[in-house]
1. Return the total of residues in segment 117-149 being in a helix (DSSP H, G or I) and of a type in the set (D, E, K, R).
2. Please find, among ALA161, ALA168, the residue that is modelled with pLDDT under 90, more than 27 Å from ALA30 (Cβ to Cβ), out of contact with any Asp or Glu (no Cβ under 7 Å at 6 or more places or on another chain) and in a loop (DSSP other than H, G, I, E, B).
3. With the structure loaded, tell me whether PRO152 is part of a loop (DSSP other than H, G, I, E, B) and surrounded by fewer than 21 Cβ atoms within 10 Å (Cβ to Cβ) or whether it fails that test.
4. Say we look at segment 79-91 and pick out the residues that are touching a helix residue (DSSP H, G or I) at 6+ places or on another chain (Cβ under 7 Å) and at negative phi; which of these is surrounded by the fewest Cβ atoms within 10 Å (Cβ to Cβ)?
5. Give just the number: which of (1) over 14 Å from the mean Cα position of the chain (by Cα); (2) assigned to a strand (DSSP E or B) does THR60 not satisfy?
6. Residue check, ASP111 against (1) out of contact with any strand residue (DSSP E or B) (no Cβ under 6 Å at 6 or more places or on another chain); (2) of a type outside the set (S, T, N, Q); (3) closer than 29 Å to ALA161 by Cβ, all met but one. Which one?
7. Name every residue in segment 97-127 that is of a type in the set (S, T, N, Q) and at pLDDT 90 or above, in order of residue number.
Amino acid sequence: MPLKVVRLCLVYLAPLAIGLSLFAQSRNFALRDGDRVTFYGDSITEQREYTEDVENFVLTRYPSWKVSFHNAGVGGDKVSGGWAGPIDLRLDRDVFAWRPDVITIMLGMNDFFYRPDQPGIYSSYTDGYRHIVESLQKTLPNARITLIQPAPYDDVTREPAFPGGGNAVLLLIRPRWYATFSSLSPSKSVWRGLIRGSCRNRH
């Protein structure tokens, strides 16, 4: 990933550190002493940028806590899985086997296949995302789940491959993302504190 793209991701995820600071000052801080945390996602998770921010925050603010972190990000992954295995294998091997108390999910960057809006993209994304969360709730009913919006695509340093670029598709994915979350939120196992951002074209 080019340096400018990494910087774009860092700018997008910077509010995470601020949000954690605010949560830490309240009783609603997402993590607890003894928690096992799994970060699940694609290459943005695999690169350990925002995940290390979370780890460092806990280590420096709560040095006496015993919190373990497991990164289950795989580059290229979609809600259906990827080169490391289909989604059910990924969940069994990379999430359930670790018995986490807290799970974060960031997926969506690869789900539009870097192509213009075409029939089936959004239903596949919504159905796949729902399957992931419902599988987590069934197998790990006491886990606290945080759903993270898909990160914006770099249409700045790379020439868009089609009119509107990747962010135009991501902007259409976002309502599906919210609809999926809203339908699942009544479950007590879904933590309502979301890490939010926006996907905007800048060209």
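1. Here the count works out to 4.
2. ALA161
3. no
4. If we take residues in segment 79-91 being touching a helix residue (DSSP H, G or I) at 6+ places or on another chain (Cβ under 7 Å) and at negative phi, then ALA84 is surrounded by the fewest Cβ atoms within 10 Å (Cβ to Cβ).
5. Failed condition: (2).
6. Result: ASP111 fails condition (1) only.
7. Result: THR104, single match.
Quick grid of which residues meet (1) surrounded by fewer than 18 Cβ atoms within 10 Å (Cβ to Cβ); (2) of a type outside the set (Ser, Thr, Tyr); (3) free of Cβ contacts under 8 Å to residues at least 60 places away in the same chain; (4) over 21 Å from VAL133 (Cα atoms):
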position: TYR40; (1), (2), (3), (4): no, no, no, no
position: GLN47; (1), (2), (3), (4): yes, yes, yes, yes
position: THR60; (1), (2), (3), (4): yes, no, yes, yes
position: TRP65; (1), (2), (3), (4): yes, yes, yes, yes
position: ARG93; (1), (2), (3), (4): yes, yes, yes, no
position: ARG99; (1), (2), (3), (4): yes, yes, no, no
position: ILE105; (1), (2), (3), (4): no, yes, no, no
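The values are calculated or read from the model by the stated rules, or taken from the named source; none is laboratory data. Predicted, not measured: the structure shown is a model, and the values here were computed from it. Backbone-built Cβ (ideal geometry, glycine too); neighbour counts: all protein chains shown.
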